Amino acid sequence: MTMSLQTMLTSYAKKRPEEFPPGVIYKNSRKTYTFRHPFPKAIFHYILLPRIDGYDKWLAFPNIKSDLFADLRAFLAYTTQKEGIQVLTVVKRDADEMVKDVEQQMIEQFGFKWDVLVGFNTYPTISHMHLHIMSADLVSERWMKYKKHYNLFNPRVGIFRFLDEFLPWLDLSPEEYKKKIVSFGDELVQDYLKLVNESPLTCFRCGATMRTMPALNKHLKAEWDELRRRSLQEKEFEGLYTMEQEENNGQVQGTSAVNDHSNNPSQDNESEGNGNSQDQETSTADDTPNNANKDNEGDAEDGVQDGGSRKRSHRDGSQEVEEGHDPKRARATVGNQ
């Protein structure tokens, strides 16, 4: 690995966003940068790093010396607990946003989402502390060629450590926090090369051991294919179940309405009875003497009635019965008078 690659992230952490070529930064906040990993060890693989004070100090972490960001071990050993809280809280916040981003990409590209690994490589090969955000499949036949490539990111080996492992330390008392840091440093004194090269090629998901990297890559791909098949099948079953439930609910509601109608016919009869009663009451009210007098008053004014037969009294005491509302006959009668 060339020196320029070893120090690449440190130089990136000091730059302003506008100083990068287009497409280099995937996402940035006031405190962190996120990049696509140039040699991805999974279907989705990003690295998130804290920005340092190479420019506007108010944007980064002005109270922390930039060389303390060399790696996680140096950062925890030489910063205060308060500084640790300051940085790791920001890293956690921005990492959570990236996890949501990755999950959305999973759904858009593959139709389902699976776990995301968020953690540090405690023996990094590139300077400047950075967090890996990668899909939990480790499927990368192109870049996963050697045993060390895989064991660096296999959580079973112990070199890859989850971010959530360190966050509870921030809530400890100062004395307990120091003990944790010392213990963590002692763990990292182990022979890194021996741990990477002599650990077996064990599937991080099922624990199966493979003898060669090609066999492991094939196994990891088959594991992911099966995970995808099961997940899509479950989604299909859930969709069918939901449709069936909706249909059943609709049928039940329709049946309930029919049953209610059948079981309570008296309601309709009562409604009809009430309607007839109202009609009868109306008719009775219309037939009262007062209403009859009003009709007679109308007859006197109009000289014509619109229905039935009626008697007309003359001044001489004679009466005449009119039939059928015939206007001509009515006029003739008036004329005869």
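Values computed for the structure shown
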item	result
Theoretical gain in end-to-end length, residue 176 to residue 20 [0.36 nm per residue, Cα-Cα removed]	52.0 nm
Potential lengthening between residue 100 and residue 113 on full extension [0.36 nm per residue; Cα-Cα distance subtracted]	3.7 nm
Normalised contact order of segment 3-199, rounded percent, pairs of Cα under 8 Å and 6 or more residues apart	23
Dmax and Rg, reported as Rg then Dmax, of segment 3-199 (C-alpha, Å)	16.7, 48
Pairwise label distance in nanometres, residue 191 with residue 157, each label 7 Å out on the Cα-Cβ vector	1.6
Order of 231, 173 under a 10 Å beta carbon neighbour criterion, fewest first	173, 231
Built amide H within the under 5 Å cut-off of residue 116, gap 5+	136
Centroid-to-centroid separation of segment 93-145 and segment 23-84 [C-alpha atoms, Å]	16
Under the Karplus curve 6.51 cos²θ - 1.76 cosθ + 1.60, θ = phi - 60°, whole-Hz ³J(HN,Hα) for segment 138-153, x wherever Gly or Pro sits	6, 8, 6, 4, 5, 10, 9, 9, 10, 4, 5, 4, 6, 5, 5, 10
FRET efficiency estimate (nearest 0.05) - Cβ-Cβ, residue 215 to residue 70, R0 30 angstrom	0.25
Mean Cβ count within 10 Å, highest first, over the residues of peptides 194-204, 111-121, 125-135	125-135, 111-121, 194-204
Calculated FRET value between residue 63 and residue 11, using beta carbons and R₀ = 30 Å, to 0.05	0.90
Qualifying lysines (Cα of each under 26 Å from Cα of residue 65; at least 8 residues distant if same chain)	14, 15, 27, 31, 57, 82, 92, 178, 179, 180
³J(HN,Hα), Karplus 6.51/-1.76/1.60, whole Hz, each residue of segment 217-234, x for Gly, Pro	4, 5, 5, 4, 5, 5, 4, 5, 4, 5, 4, 5, 4, 5, 5, 5, 5, 4
Under 5 Å, built H, 5+ apart or other chain: amide partners of residue 46	37, 133, 134
Label-point separation, residue 205 to residue 142 (7 Å along Cα→Cβ), nm	2.1
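Read the figures in this text as sums done on the coordinates, not as results from a lab. These numbers were taken from a predicted model, which means no experiment stands behind them. Note that each Cβ is placed from the backbone with ideal geometry, even for glycine, and that neighbours are counted across all protein chains shown.
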